[in-house]
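S.K.: Have a look at the structure that comes next, please.
Throughout, read-outs are computed from the coordinates displayed, never taken from laboratory work. Computed from a predicted structure; not experimentally measured. Here the Cβ positions follow ideal geometry from the backbone for every residue, glycine too, while neighbour counts run over all protein chains shown.
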Amino acid sequence: MACGGGGGKAGTGWSSLQADLLLSVFALLPSDADRVRFRAVCGAWGGAAAAWPPRPWLVGSRTDRSGRGGGAVSSFWLSPCGGLLPFAANVPAGFEYLSSSRGYIALADPRAPPKAIVLFNPVTGRRIHLPPIAFFKRWLDLTTVVLSADPEAAAEWAAVAVGFPTTCLAYYSSATGAWTRLDFGVPGYAGVEHYNGRFYVAFKSQICVCEVDGDAPAVIPLERVDDADGGDGSDDEERRLRASGRRVVETHLVECDGQLLLISVHDDVVYNSDDDMGGLAVDDGAGSKGGGGGDARAVEVHRVEWLGDDGAVRLVRETDLGWNALFLGRNRAFALSVVEFPACRVNCVYLVDRQGHPDGVVRVLDMENQWARREETICPDDVPCGSSSSAGWARRGWFFPNYG
């Protein structure tokens, strides 16, 4: 459809339609492909569409503990009312969901050994095939793929892939088209973020930088400095958690308002490094609505404060996200401002929980009072809630589309 027309008379062409009317039409379009075409019609239509606030998606695929069963993908919008609305996302059939970053969903074909990553943009339909990661063990559950930039907009870009439990990291460069091994062995989940031109990785309170230039790529721990009086007490908090039997089960790094945040999720669940479906041994008898200690979750946020140019950092406890909301899952995490994205709740954490369970939930935790929580139960049509089937929507995570 062209924007011209109107016989040369001002105000009679398609481009002269009022912006609010164009925006209403744009919001009613049934698919992202239609939204892309809408934006491409002309500058006026693209400008009107730019005022539409995108919504985070929750994406997942069903699999079993042997790694088979992928190919059925579920997708939900986060609604302005706070619920999750199912919709049919433009995701190729036969793939399993792994992670997301920079407007791309990382997918893999579970039927094709060796496992290779396909980056898929559900808005434009573009696919980028990455080579297999030869040094990852077969049983390793690939949880996170973080991109340095949008591959469609950057001349060169890079990616870091992380598995669970972490025996090493994999670094990909678009310039070489190959994966490089970065040794980093931890017994659980590690968080990764690309911040100020570099990749960082964290496990619990340890923060490292990925040095990829030169002949010897490596993951280098940053020196952590606390105040003489114990700083923010995060070391004391770790000792207290260990003494009580509580564990840090997830660690995330998130860029928020130009700052790098270290986020830890802990609870009373027993950590199990042999469970390649998510690493959590959940007490099913604890109840589903926060009624038991084994079902509890708590989120701690620290701001990474840089001390000079020597690489030392200090962790500063944060209890207020301001106008932001955090989206956490067993893949890349991110922060959104509720000013720009009103579907989010202010100063809240959206935590994807119960990985590997058909009746998994999204917990909405209020940072001001984390016991004031809500849950959204995710239960696909073909796996009834409470089912004893070994298959579940185990690979779930947040995705934020890029309509730019």
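S.K.: Just to confirm a number: summing +1 for Lys and Arg and -1 for Asp and Glu over residues other than ALA149 whose beta-carbon lies under 12 angstrom from that of ALA149, what do you get? Could the numbers behind the result be given before it?
M.R.: Working: positive: ARG102; negative: ASP150, GLU152, GLU156.
For residues surrounding ALA149, the net value is -2.
S.K.: Which FRET efficiency, nearest 0.05, do GLN370 and LEU17 yield, Cβ-Cβ r, R0 30 Å?
M.R.: Efficiency, from the Cβ-Cβ distance: 0.05.
S.K.: While we're here: At a 10 angstrom cut-off on C-beta neighbours, averaged per residue, how do the peptides 101-113, 327-339, 214-226 rank from highest to lowest?
M.R.: Working: 101-113: 20.7, 327-339: 23.1, 214-226: 12.5.
In descending order of packing, they fall as 327-339, 101-113, 214-226.
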